[in-house]
Amino acid sequence: MIATQRLVGQQPPQRIVEAGLKAAGVPDPDRVEPATNAGAVVAHLGYGAMLGALLALEGWLAAVAARLPGPGPSTPGRRG
């Protein structure tokens, strides 16, 4: 992680939060660094939770689709 941070500089959640603070009119996001860091952690966790929920939803939809009658997704145009 340290090597990556040296290569890329700031991590994407940190950049997103700082851009949001600038857009909200905060003149200098560096002055509120603890809030910026906390926001970056929340953004990171929120992003991970959202992707985890989408992955779970995809698995659930695949299970439901497997129970439906008709051709499956791997057999397009199959007639039976």
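Within the stretch 1-26, can you find the residues that are modelled with pLDDT under 75 and assigned to a helix (DSSP H, G or I)? Across the stretch 1-26, the qualifying residues are ILE2, ALA3, THR4, GLN5, ARG6, LEU7, VAL8. Name every residue in the stretch 17-65 that is in contact with a helix residue (DSSP H, G or I) (Cβ under 6 Å, 6 or more places away or on another chain) and of a type in the set (Val, Ile, Thr), in order of residue number. Listed by number, the residues that qualify are VAL17, THR36. For the criterion of being at pLDDT 80 or above and either among the aromatic types (Phe, Trp, Tyr) or in a helix (DSSP H, G or I) (or both), ALA62 passes. Within the stretch 27-49, no residue that is over 13 Å from GLN11 (Cβ atoms) and modelled with pLDDT of 90 or more sits with its Cβ atom under 6 Å from a residue that is small (Gly, Ala, Ser) and surrounded by 11 or more Cβ atoms within 10 Å (Cβ to Cβ) at 6+ positions apart or across chains.
The values are calculated or read from the model by the stated rules, or taken from the named source; none is laboratory data. The model shown is predicted, which means the values in this text are computed figures rather than measured ones. Neighbour counts run over all protein chains shown; Cβ positions are idealised from the backbone, glycine included.
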